[in-house]
Amino acid sequence: MSIATYFSMNDNIIKIGITGKILAGRHKGWFIFVEDDSENTGGYLILVFNDSNRFNSSEGYDRWAEDQNTLSEMFKEAGWKIQWLEGNFSKT
């Protein structure tokens, strides 16, 4: 997993390996984490959850994107605008 890797598509920066808060769009107020799963599946795992530390969340779901273009389209369809957080909550 690459920490702090990002790319910009559709006027939205998508950071990989960093937790972000969803400011607009589907699940507003929830949090998101995008994991680079290219070594296993060639794509990206998108985790959406209701607590800033995903391991403490009581509710959440995941999706998979096959490539950067698919990931960007998912962000666009969901209407997500993300505030990427300084802390990385990838570990307990």
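The values are calculated or read from the model by the stated rules, or taken from the named source; none is laboratory data. Only a predicted model underlies this, so the values are computations on that prediction, with no experimental measurement involved. Here Cβ is always computed from backbone atoms with ideal geometry, including for glycine, and neighbour counts include all displayed protein chains.
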Please go through segment 1-27 and pick out each residue that is at pLDDT 55 or above, exposed (fewer than 13 other Cβ atoms within 10 Å of the Cβ) and not in a strand (DSSP E or B).
Asp11, Arg26
Anything in segment 35-53 that is within 16 Å of Thr70 (Cα to Cα), β-branched (Val, Ile, Thr) and within 12 Å of the chain's Cα centre (by Cα)? List them, or say none.
Ile46
Could you check segment 34-92 and list, in sequence order, the residues that are in contact with a strand residue (DSSP E or B) (Cβ under 7 Å, 6 or more places away or on another chain), over 15 Å from Ile16 (Cβ atoms), among the aromatic types (Phe, Trp, Tyr) and modelled with pLDDT under 95?
Tyr61
Pairs please, first residue from segment 10-32 and closer than 17 Å to Leu45 by Cα and of a type in the set (D, E, K, R), second anywhere and crowded, with 19+ Cβ neighbours inside 10 Å and at pLDDT 95 or above, Cβ atoms under 6 Å, 6+ apart in sequence or on different chains.
Lys21/Phe31
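Yes or no, residue by residue, for (1) surrounded by 16 or more Cβ atoms within 10 Å (Cβ to Cβ); (2) under 10 Å from the mean Cα position of the chain (by Cα):
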| site | (1), (2) |
| --- | --- |
| Phe33 | yes, yes |
| Ser58 | no, no |
| Ala65 | yes, no |
| Glu77 | no, no |
| Trp84 | no, yes |
